[in-house]
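Quick note: the coordinates plus some simple rules give every number you see, no bench work behind them. If you're wondering where the values come from, they're calculated on a predicted model, not measured in any experiment. A quick note on method: Cβ atoms are made from the backbone with ideal geometry, for glycine too, and the neighbour counts reach across all protein chains shown.
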Amino acid sequence: MTERRIDNQFPSFDDKAGFKKLLTELAKYNFVDECWCNEAMPHVAKNMPTKEYPDRALRVWIDWENQEFSDLYHDAKEGQTYYRFNVHLQGEYGDGDTTEFSKDFETIGKTIEFVEGFLNDK
């Protein structure tokens, strides 16, 4: 079975350089490419299990550079901020009740800064 990664799950993603930067910057914290084509956008993830939530993970999502391809912001009104990045800590994948936080960011720099600050405060 082929390993899922951005190149085979999102072959036409329009900001692979941004994704690779995100993954490279966060790899030192054990983030990995967890792209899956059933999702709206690519993401990287770091497992952070607890006794209660063994599948708990910190995920960083990167939306399409071209806003028209975004599932979340494609119909945004003029002047509305396009948050291309989301940092999400969740106990069980897809279970909103176990979400500890979800924060949106406009830039990759602010996203990485937040993740590093969060992890260094641990």
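So the values come out like this:
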{"quantity": "Proxy reagent accessibility, fewest Cβ within 10 Å first, across PHE13, PHE69", "calculated": "PHE69, PHE13"}
{"quantity": "Longest DSSP-loop-exposure-free segment, GluC sites (Glu not before Pro), the chain, at most 12 other Cβ within 10 Å", "calculated": "4-51"}
{"quantity": "Using alpha-carbon coordinates, inclination of helix 16-26 to the longest axis of the chain, degrees", "calculated": "20 degrees"}
{"quantity": "For SER102, SER70, SER12, order by how many other beta-carbon atoms lie within 10 Å, fewest first", "calculated": "SER12, SER102, SER70"}
{"quantity": "Sorted by Cβ neighbour density within 10 Å, fewest at the top, the residues LYS21, LYS51", "calculated": "LYS51, LYS21"}
{"quantity": "Of GLY94, GLY109, GLY79, the one that fluctuates the most in a GNM where the chain has Cα springs shorter than 10 Å", "calculated": "GLY79"}
{"quantity": "Segment 36-53 - phi-based ³J(HN,Hα) in whole Hz, Karplus 6.51/-1.76/1.60, Gly and Pro as x", "calculated": "8, 4, 6, 8, 6, 7, x, 7, 10, 8, 10, 5, 9, x, 10, 4, 6, 10"}
{"quantity": "C-alpha long axis of helix 108-120 to longest principal axis of the chain, angle in °", "calculated": "10 degrees"}
